[in-house]
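Engineer: Take this structure, written in structure tokens, and hold onto it; I'll ask about it next.
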Amino acid sequence: METQKLEIKKDFDDEKRYILFGPFLGEFMYSRMYGKRQSEYDWCLHILILSSLRGIVHQIWNSSSIPFLIHPSIANFPIWETTGIVLCLLFHIGISEPLYYWLHRLLHSSYFFQQYHWLHHSGNATFLEHLLLCVIIGVPIVATTLIGYGSIIMFYGYILAFDFLRCMGHSNVEVVPHHIFETLPTLKYLIYTPTSLSSLPFATKLILMPIWPFAFLVTLIMWAKSKTFLHTFCNLRGKLLQCWVVPRFDGINKQIEEAILKADKIGVKVLSLAALNKVRTAFFLKFLFNEALNGGGKLFVTKFPDLKVRVVHGNTLTAAVILKEIPLDVKEKEAPLQDQSLLVQVTKYQAAKHCKTWILGKWTLPREQSWAPPGTHFHQFVVPPVIEFRRDCTYSKLAAMKLPDDVQGLGTCEYTMERGVVHACHAGGIVHFLEGWSHHEVGAIDVDRLDLVWEAALRHGFKPV
């Protein structure tokens with residue numbers, strides 16, 4: 001009986017499985033012919049397209065295996081072929097390396113980065129980049145093999161060496177001392193490091209699973225013992241700028257407090273609290289709650305009134321950047337005539353149901369965004385950024401500014417920003433430092449300083465993005 005079942009399944013798979021796609025095709029064609037809402041039946045079309053693409057992939061691999069059957073020599077590679085190793089390196093240097101460099105430059109262009117490549121910098125692997133990487137890796141291997149010098153060592157060695165160097169470049173760990181690149185600037189074009197081509201670490205790979213227990217143990221030790229530590233640094237007009245990392249989320253105010261006291265002790269002039277200090281996020285029963293973390297730094301300034309280091313949240317510049325994004329002709333028609341060109345603060349989302357320009361001050365859920373009319377543009381003064389639930393609306397990215405052109409030693413990208421771009425609150429801390437202001441920028445935003453801070457940022461070479 002069991003054998004009969006298997007035979008029936010095999011016969012059905014081979015000859016009649018495509019009948020299963022008939023209802024999907026019929027449903028989609030019916031919705032088109034009789035004018036039903038397309039969005040309700042798009043899933044039928046997507047299933048058909050996805051199934052077709054999967055069939056194409058299988059066919060390509062089945063077809064590509066034919067040469068191995070026709071030419072057994074392709075499958076029977078020698079273990080080592082010196083000429084092949086040399087040729088593979090030449091193909092890599094002459095074709096793959098320039099191709100990889102220019103494709104990466106293209107992905108970091110304004111359009112491709114904002115529309116696509118930012119996903120890579122948030123730790124998500126993208127399908128298109130995987131395909132491009134396969135082409136880049138495949139050029140030396142295929143070319144060397146086709147001219148008759150392929151070998152097992154070449155296959156394993158080239159692919160593993162390529163991945164090793166690529167992972168090292170994305171690790172944000174500077175293996176090669178930075179002063180070597182300062183002495184020999186052209187060396188960065190030969191050695192792949194975070195300085196020469198920087199990004200965030202790759203997403204988790206299955207091959208790393210065996211070391212997860214060790215990584216978990218290290219995480220526990222960091223949770224229990226670690227203090228704030230240096231992550232990256234750069235120089236701007238003779239001034240040292242550093243980025244410190246808080247290694248744990250629970251008890252984060254205590255960690256920030258210790259970092260402020262440490263900075264005060266070693267003579268730091270300005271300590272910027274960064275974007276994620278605006279809120280604390282916690283998941284409880286699948287709901288997201290935001291609550292004030294430390295009053296925008298006011299907690300620390302009040303507790304330690306004799307601090308020499310200036311504590312800065314940078315929100316003044318963030319607010320200025322968002323206000324500059326709003327077109328001057330935007331008016332709130334539901335407001336009184338004399339107030340239509342002013343910002344209107346509301347405490348209930350439904351009160352803004354006729355307004356098409358929203359500035360979000362806290363995280364919003366789909367139900368709350370549903371009050372906005374179609375065509376609304378959401379400006380975000382909130383961290384983390386809200387999820388873009390509304391397809392009939394547009395969303396701005398987090399407020400950011402491009403660093404001055406004369407910044408030196410910048411070896412990493414900041415979160416999902418492109419190279420040389422930082423969050424506006426980060427830029428606000430740097431402007432505070434460059435201006436030599438002696439006050440703390442904590443607590444509520446001083447609206448009287450918005451234009452002052454904006455003009456100071458432009459004067460120092462910061463550019464809006």
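Engineer: Fully extended, how many nm does the chain gain between HIS231 and GLU257 (0.36 nm per residue separation, minus their Cα-Cα distance)?
Structural biologist: 7.6 nm
Engineer: Next up: Keeping all protein chains in the complex and leaving out DNA, RNA and ligands, what accessible area do you get for CYS355 with a 1.4 Å probe, in Å² to the nearest 10?
Structural biologist: 30 Å²
Engineer: Could you pull the accessible area for ASP451 with a 1.4 Å probe, rounded to 10 Å²?
Structural biologist: That residue has around 90 Å² of solvent-accessible surface.
Engineer: Using a 1.4 angstrom probe and counting only protein chains, how large is the accessible area of GLU258 in Å², to 10?
Structural biologist: Accessible area, nearest 10 Å²: 60 Å².
Engineer: While we're on this one: Can you pull out the chymotrypsin sites (Phe, Trp or Tyr not before Pro) in the range 87-151 whose DSSP state is coil and whose Cβ has at most 10 other Cβ atoms within 10 Å?
Structural biologist: Here no loop site has a sparse enough neighbourhood.
Engineer: Translational diffusion coefficient of the range 341-427 at 10 °C, 1.306 mPa s, Stokes-Einstein with Kirkwood Rh over Cα pairs, in µm²/s as a whole number.
Structural biologist: 108 µm²/s
Engineer: Further question on the same structure: Give the distance, in whole Å, between the Cα centre of the range 76-109 and the Cα centre of the range 383-453.
Structural biologist: 39 Å
The values are calculated or read from the model by the stated rules, or taken from the named source; none is laboratory data. This one's a predicted model, so the numbers in the text were calculated from it and none came from an experiment. Glycine also receives a Cβ, built like all others from the backbone with ideal geometry; neighbour counts cover every protein chain displayed. Keep in mind that these areas ignore ligands, DNA and RNA; they rest on the heavy atoms of the full protein, side chains included. Shrake-Rupley method; radii C 1.70, N 1.55, O 1.52, S 1.80 Å.
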